[in-house]
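These notes are about the structure you will find just below.
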2 protein chains.
Amino acid sequence: MTTKRDILITEVALRDGSHAIGHQYTVEQVLAVAKALDDANVPYIEVSHGDGLAGSSLQYGRSKTDEMKLIEAAVSVSNNSKIAVLLLPGIGTMTELREAANLGIHMARIATHVTEADVSAQHIQLTKDLGLEAVGFLMMAHMAPVEKLVEQAKLMESYGADTVYVVDSAGALMPHEVKERIRALRGNLQCNVGFHGHNNLSLAMANTLVAIEEGATRIDGSVRCLGAGAGNTQTEVLVAACERLGIQTGVDLYKMMDLAEEIVAPILQRPQEIDRDSLVLGYAGVYSSFRLHAQRAAKKFNIDARDILIELGKRKVVGGQEDMIVDVAAELVSKRNLQTSAQ
Amino acid sequence: MTTKRDILITEVALRDGSHAIGHQYTVEQVLAVAKALDDANVPYIEVSHGDGLAGSSLQYGRSKTDEMKLIEAAVSVSNNSKIAVLLLPGIGTMTELREAANLGIHMARIATHVTEADVSAQHIQLTKDLGLEAVGFLMMAHMAPVEKLVEQAKLMESYGADTVYVVDSAGALMPHEVKERIRALRGNLQCNVGFHGHNNLSLAMANTLVAIEEGATRIDGSVRCLGAGAGNTQTEVLVAACERLGIQTGVDLYKMMDLAEEIVAPILQRPQEIDRDSLVLGYAGVYSSFRLHAQRAAKKFNIDARDILIELGKRKVVGGQEDMIVDVAAELVSKRNLQTSAQ
């Protein structure tokens, strides 16, 4: 029996949600969650370290369980759902992608910073060569103007991506910004367009509905908001909102509600609220990895870490430029001193 | 110094938020929260039992502290903020309204079901006679068509309301429904228009921004989502989103973030997540008081309580009609039996 679906949901609680629990998933938990998602007829389930294949490390946080075992577990209980993985070139390699493919995954999502699509070429090509569905995943999409986003998405499409996602990693996009981005991609690409939201400004659901309205057909959600920062678009709520709007997800609403309450909620170690840290990241539009650096610099220069993060956001500083954080803090202090002496 | 503000925020954590903590506020807590809100320059702070003045009862939940003492405490520490109260005619009376007025409040919000504005006439008039600002608060606004809402809002305006609110009590409105409601009120009223959202479908922030876009200037929020159901529009996040959009709230963002994290979060007994219960209420669009009745009827008839709640929502059953719940359950069972025997 084929399910009629207007959008295809990818559930990311077993990947993005891994951030929320310090990458501590067990095989038993993944079996239980994936089985329930499969039973609720969720089309895709992503399973990987929070930072993608091979993310388990001192820098990104060590996984409790080898992710290949978790992927294998998810594949083993999925009859309806297809299993996906995330890969960030530079963290994961072709080796892990091949290994995951051998375990029976159906889709690989190749993620790069929004301006660095070119590093995804080989991985997208390999994904296709392995007979998998290929997704290009443009992260921190708020940091590039629309024209740049289109250019980068076209690159991913040219490498063979079946879908290109607008990824609001910091939860920093406003609905009108999502609208113009999805519209531009739909107008310039032949392939599917997707959207992945974060809830740092409490707009994940709104942004997702706007994306769907503009023609995005691949949509990410996380059960019980289980994701980095303030979490993602809450999947079971998305399914309910879509039903209210007449958008067919093909997902069983009651089963989603039940698995969220009975299987996923007990896994959460802390609630997925919008706390001060996640709000600041969304407001400033910066990487979560900047937070600790900013807090250290703030202490050293006796200023508010938020001022540093907001300035970093304005300057569109990207991952790898962490050494700029101290410079920015020093500049803010000298600017403040100048202002004080001028008064 | 006058603050320039495009919208005037009313913080409801000390009223709607009372639901979230079983009406257990202490004088010390209210002093701490109100003082911090005042310091952050929040224009209005509402303080009352969750169900408004005189709500403390077996039926609605007993307050730990006499609400007049809480109102007095909030007034005592407010230099910038004005203190407001909520009153539902039938629960609260003129006596409590006069008592609160004597304590130094500035605003009373008179709340009725969206189709029962006529019961607010005397209370709105008394509010004006007492020299207070008067707000008409049309609850469960999703249950009336736009024309009916306009008619009811006009009644409140005719009684003397300075502002009429669209109140999405069940968190059931979608953004396009908020848009048409606020637009219709703005087109038909001379007085201010306000919006009060709930987050049951994860759309409180989106609905609030749409309301502002359509000209609502009085906006409710609750710090850390502290409100009934899934909570309200999260105030500190709203202030951040407004700053991003160039909408002046006049509220200090950093101070709001700090008080949310340091003063309000520790008061919460359970996180304000969108759990199964709150999601069902938003999806069905029914009163939270129906939930227990539906669960009892579901058990008796061996059906899913959600089916009952959704049917109640379709029939637009209102508070006071709880006896219909068993009838609806019985009808659902006989319909199911008919379907089964026809197969």
Q) Restricting attention to the stretch B:235-247, which residues are open to solvent by 10 Å² or more (accessible area, probe 1.4 Å) and of a type outside the set (V, I, T)? A) B:E243, B:R244, B:L245, B:G246
Q: Please enumerate the residues belonging to the stretch A:121-139 that are open to solvent by 40 Å² or more (accessible area, probe 1.4 Å), in contact with a helix residue (DSSP H, G or I) (Cβ under 9 Å, 6 or more places away or on another chain) and either among the acidic types (D, E) or in a loop (DSSP other than H, G, I, E, B) (or both).
A: A:L130, A:G131
**Q.** Odd one out for B:H142 among (1) open to solvent by 10 Å² or more (accessible area, probe 1.4 Å); (2) under 16 Å from the mean Cα position of the chain (by Cα); (3) under 27 Å from B:L97 (Cβ atoms)
**A.** (3)
Q. From B:N199, B:N188, which residue is farther than 16 Å from B:Y44 by Cβ, open to solvent by 10 Å² or more (accessible area, probe 1.4 Å) and within 13 Å of chain A (Cβ to nearest Cβ)?
A. B:N199
**Q.** Qualifying positions in the stretch B:211-230 - outside any loop (DSSP other than H, G, I, E, B) and either of a type in the set (D, E) or on the phi > 0 side of the Ramachandran plot (or both)
**A.** B:E213, B:D220, B:R224, B:C225
Q: Looking for whichever is more than 14 Å from chain A (Cβ to nearest Cβ) and either in a helix (DSSP H, G or I) or more than 20 Å from B:T208 (Cα to Cα) (or both) here; the options are B:V326, B:V264. Which one fits?
A: B:V326
Q. Within the stretch B:242-259, is there a residue that is small (G, A, S), at negative phi and out of contact with any Cys (no Cβ under 7 Å at 6 or more places or on another chain)?
A. no
Q: Among what's in the stretch A:102-120 and is open to solvent by less than 20 Å² (accessible area, probe 1.4 Å) and part of a helix (DSSP H, G or I), pick the residue that is farthest from A:A84 (Cα to Cα).
A: A:A117
Q: Report yes if A:Y287 is away from chain B (no Cβ under 12 Å), among the hydroxyl-bearing types (S, T, Y) and open to solvent by 40 Å² or more (accessible area, probe 1.4 Å), otherwise no.
A: yes
Q: Residue by residue through the stretch A:267-295, note down the ones that are part of a helix (DSSP H, G or I) and without any contact (Cβ under 8 Å) to a residue 12 or more places away in the chain.
A: A:R276, A:L292, A:Q295
Q: Say whether the condition of being more than 8 Å from chain B (Cβ to nearest Cβ), out of contact with any Phe, Trp or Tyr (no Cβ under 9 Å at 6 or more places or on another chain) and under 17 Å from A:F137 (Cα atoms) is met by at least one residue in the stretch A:223-231.
A: yes
Q) Can you tell me which residue in the stretch B:148-171 is nearest to B:F137 (Cα to Cα), limited to those that are part of a loop (DSSP other than H, G, I, E, B) and of a type in the set (A, V, I, L, M, F, W, C)? A) B:A161
Q.
For the stretch B:146-164, give me each residue that is small (G, A, S) and open to solvent by 60 Å² or more (accessible area, probe 1.4 Å).
A. B:S158
**Q.** Counted residues, the stretch B:312-323 - those being assigned to a helix (DSSP H, G or I) and either within 14 Å of chain A (Cβ to nearest Cβ) or loosely packed, with under 15 Cβ neighbours inside 10 Å (or both)
**A.** 2
Q) Which residues, taken from the stretch B:232-256, are more than 7 Å from chain A (Cβ to nearest Cβ) and free of Cβ contacts under 8 Å to residues at least 24 places away in the same chain? A) B:E243, B:G246, B:L253
**Q.** Condition check for A:T208: within 22 Å of A:K4 (Cα to Cα) and not in a helix (DSSP H, G or I)
**A.** no
**Q.** In the stretch B:306-327, residue farthest from the chain's Cα centre (by Cα) [restricted to those that are over 17 Å from B:M140 (Cβ atoms) and in contact (Cβ under 8 Å) with a residue 24 or more places away in the chain]
**A.** B:V326
Q.
Looking for something open to solvent by 30 Å² or more (accessible area, probe 1.4 Å), modelled with pLDDT of 95 or more and facing chain B (nearest Cβ under 10 Å) - is there at least one such residue anywhere in the stretch A:269-281?
A. no
Q) What number of residues within the stretch B:165-185 are crowded, with 18+ Cβ neighbours inside 10 Å and either in contact with a Cys (Cβ under 6 Å, 6 or more places away or on another chain) or not aliphatic (A, V, I, L, M) (or both)? A) 8
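The values are calculated or read from the model by the stated rules, or taken from the named source; none is laboratory data. Here the structure is a predicted model, which is why all the values come from computation and not from measurement. With ideal geometry, Cβ positions are generated from the backbone for all residues, glycine too; neighbour counts draw on all protein chains shown. Please note that ligands, DNA and RNA were not included when accessible areas were found on the heavy atoms of the full protein model with its side chains. Shrake-Rupley method; radii C 1.70, N 1.55, O 1.52, S 1.80 Å.
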